[in-house]
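Worksheet for the structure shown next.
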Amino acid sequence: MNQATPANTQADPYERRAADCDVMLLLEGTFPYVSGGVSSWVNQIIRGFPEIRFGLCFIGSRQQDYGAPKYPLPDNVVHLERHYIHEHLAAPNVVRSRGDAKAFERMDELHAKFRSYGRAGEASHEELAALLGELTPLMADGGKLDQDAFLFSKKAWDYLADQYRTFCTDPSFVDYFWTVRIMHLPIWTLARVARNMIPAKCYHTISTGYAGFLGSLMKMQTGRPLILSEHGIYTKERKIDLFQSEWIRDNRNVFEKDASQIPYFRDLWIRFFEALGRLCYQASNNIVALYETNRLRQVTDGAPAERTMNIPNGIDLPRLSKLRAQRPEKIPPVLCLLCLLGRVVPIKDVKTFIRAMRTVVNQYPEAEAWIAGPEDEDKAYAEECHAIADGLGLTDKVKFLGFQKIDELMPKLGLVVLSSISEALPLVLLEGFAAGVPAVATDVGSCRQLIFGLSDEDKALGAAGDVVGIAEPQALANAAVKLLADPERWHAAQAAGIARVERYYTQDMMFGAYRGLYQSALARGGAEPAGGTALRCPVKH
């Protein structure tokens, strides 16, 4: 197997081009341009398999939304390509274009199958895949359903007008027109990406959504294996985003609105991402969840149960366990008692964490909170968080540290706190446990499992902290103070966290499970990876 060219021999360490690769990672809005738990996991996986030649296909919104890469590329990344699916399009030259009637009839048939996709007795995945495979070549530049034909032809206008009259319950045709265009334009971009992608022996998408749709196209186009790993359930997270979004309009007047009905455009976006998710589930050979609740959610959302499995995140135990020796004998003093690790974005609910600190400081005056996470992803939200801290008189108590290195931060902490409204299996809790730091977290994702245990044997290890409800600053504060003010309870939580992570969540366990998946996929895709390590079954926990 050919090895990648080392990064230090290239003029631009992020300019990687190869004729082919072993595993093509399909990455939507994550590594290497966005920091966070998923990106850290991608970095971990790539470095954990140096014998595999990885290609990266980064899918972003607009190029201007991303700054410099947040992670150096490992040497075994042989290829990196970047695509932006919401870039502003320059208007083409005005030409008369009627559009191909038969092609639009087939597209209408495809939309009809998507509407009934997954319902009993309606469109099957095989029917949908066959029709999508038939239409994809027509979407190529110059084809009867190319991007210009869909956006600018007379037939496209007639088609949109007919769809609006038939299905739309919102009175604004203008909003319908632009919503459909914005929603569909990435599909043409991804079809173009699929046609031009370098050969890979298998594909690995880290979400459903747009990356998952690209994975489905590659599976249909090449027949090569597709692996899906979901850290959070993409459709669930998009629903949260869509329900909070202010850019989605509801133009109905007070007499037209029904409180029991979701506004049309919000419902349209939800159904769109649900259909993409189901398509990816059906196309995937292996579907990985981080924990059992999410696996069951995948099955409910259309994943074939026999292809699903749980592979928990794993942490570098030898490296992180060394940090325990750097901790003081007593619980760390004031400056490092509470810490929120993550991006300063709404889904992390940083505001609840700050509000909780008002109560914590009232009961425990020497306490101080550190918010360790980048603020550039949602600058307006970050500014609101600063304003809340100032308004509550916590300017000297709540510290915004920006991005921090875990190894430098963990020995100084008394607690890791997660106040998120949505999580999967957060690495930061596991890293905290390994470094000897208990946690308080909201009852989302697998946080309850991580803190209290899953099986009877796991639960017998004890509680590694506490769990509270979402958006409950008083409960969050009380749980934190109970741990910090009771050294005996704190040390018991520390011991439980260490024991749990050592028994169930090591990096070696995770690598063993993915080694089996990769070896099987690469063998079916035409080659076995170098190294010769025997297959191992996925971790069941």
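Please work out which residue is surrounded by the fewest Cβ atoms within 10 Å (Cβ to Cβ), limiting yourself to the range 491-500 and to residues that are under 32 Å from the mean Cα position of the chain (by Cα) and among the hydrophobic types (A, V, I, L, M, F, W, C). Taking the candidates together, the pick is 495.
Would you confirm, using the coordinates I've provided, whether residue 440 is without any contact (Cβ under 8 Å) to a residue 60 or more places away in the chain, assigned by TED's automatic domain parsing to the domain that holds residue 497 and crowded, with 24+ Cβ neighbours inside 10 Å? Yes; evaluated as a whole, the condition is true for this residue. Among all positions in the range 175-184, there is at least one residue which is surrounded by fewer than 17 Cβ atoms within 10 Å (Cβ to Cβ), farther than 18 Å from residue 114 by Cβ and either aromatic (Phe, Trp, Tyr) or not assigned by TED's automatic domain parsing to the domain that holds residue 84 (or both).
Confirm whether residue 302 is at pLDDT 90 or above and assigned to a loop (DSSP other than H, G, I, E, B). Considered against the rule, which asks whether it is at pLDDT 90 or above and assigned to a loop (DSSP other than H, G, I, E, B), residue 302 comes out as yes.
No other residue among 104, 152 is in contact (Cβ under 8 Å) with a residue 60 or more places away in the chain, more than 25 Å from residue 301 (Cβ to Cβ) and either within 31 Å of the chain's Cα centre (by Cα) or not assigned by TED's automatic domain parsing to the domain that holds residue 375 (or both) apart from 152. For the residues 508, 458, 486, 466, the requirement of being of a type in the set (D, E, K, R), closer than 23 Å to residue 332 by Cα and modelled with pLDDT of 95 or more singles out 466. In the range 251-274, the count of residues that are out of contact with any Cys (no Cβ under 9 Å at 6 or more places or on another chain), part of a helix (DSSP H, G or I) and under 24 Å from residue 42 (Cα atoms) is one or more.
Scan the range 277-294 for residues that are of a type in the set (Val, Ile, Thr) and buried (at least 23 other Cβ atoms within 10 Å of the Cβ) and the total you get is 2. Among the residues of the range 344-378, which ones are basic (Lys, Arg) and crowded, with 21+ Cβ neighbours inside 10 Å? Result: 348, 355. Of all residues in the range 52-65, those that are loosely packed, with under 15 Cβ neighbours inside 10 Å and either farther than 17 Å from residue 87 by Cα or among the acidic types (Asp, Glu) (or both) total 1. Within the range 30-88, the set of residues being part of a strand (DSSP E or B) and at pLDDT below 95 is empty.
For the range 261-276, the condition of being modelled with pLDDT under 85 and surrounded by fewer than 20 Cβ atoms within 10 Å (Cβ to Cβ) holds for at least one residue. Scanning the range 135-151 turns up at least one residue that is within 18 Å of residue 217 (Cα to Cα), small (Gly, Ala, Ser) and modelled with pLDDT of 85 or more.
The one condition from (1) surrounded by 20 or more Cβ atoms within 10 Å (Cβ to Cβ); (2) modelled with pLDDT of 95 or more; (3) under 24 Å from residue 312 (Cα atoms) that residue 479 does not meet is (3). Report yes if some residue within the range 381-403 is within 26 Å of residue 498 (Cα to Cα) and under 22 Å from the mean Cα position of the chain (by Cα); otherwise report no. Checked the range 381-403: at least one residue is within 26 Å of residue 498 (Cα to Cα) and under 22 Å from the mean Cα position of the chain (by Cα).
Selection of the range 395-437 for residues being in a helix (DSSP H, G or I), among the charged types (D, E, K, R) and farther than 13 Å from residue 37 by Cβ yields 407, 408, 412. Take the conditions (1) within 24 Å of residue 233 (Cβ to Cβ); (2) of a type in the set (Asp, Glu); (3) crowded, with 22+ Cβ neighbours inside 10 Å; residue 22 misses just one of them, which is (1).
Would it be correct to say that residue 211 is assigned to a helix (DSSP H, G or I), in contact with a Ser or Thr (Cβ under 7 Å, 6 or more places away or on another chain) and assigned by TED's automatic domain parsing to the domain that holds residue 81?
yes
Condition test on residue 4, is it surrounded by fewer than 22 Cβ atoms within 10 Å (Cβ to Cβ), at negative phi and at pLDDT below 95? The answer is yes for residue 4. Per the conditions (1) in contact (Cβ under 8 Å) with a residue 40 or more places away in the chain; (2) in contact with a Ser or Thr (Cβ under 7 Å, 6 or more places away or on another chain), the sole criterion not satisfied by residue 472 is (2).
Does residue 442 satisfy being modelled with pLDDT of 95 or more, farther than 20 Å from residue 293 by Cα and of a type in the set (Val, Ile, Thr)?
No, not satisfied.
Tell me yes or no: at least one residue of the range 219-236 is surrounded by 15 or more Cβ atoms within 10 Å (Cβ to Cβ), free of Cβ contacts under 8 Å to residues at least 24 places away in the same chain and not assigned by TED's automatic domain parsing to the domain that holds residue 517. Taking every residue of the range 219-236 in turn, none turns out to be surrounded by 15 or more Cβ atoms within 10 Å (Cβ to Cβ), free of Cβ contacts under 8 Å to residues at least 24 places away in the same chain and not assigned by TED's automatic domain parsing to the domain that holds residue 517.
The values are calculated or read from the model by the stated rules, or taken from the named source; none is laboratory data. These numbers were taken from a predicted model, which means no experiment stands behind them. All Cβ positions, glycine included, derive from the backbone under ideal geometry; neighbour counts span all protein chains shown.
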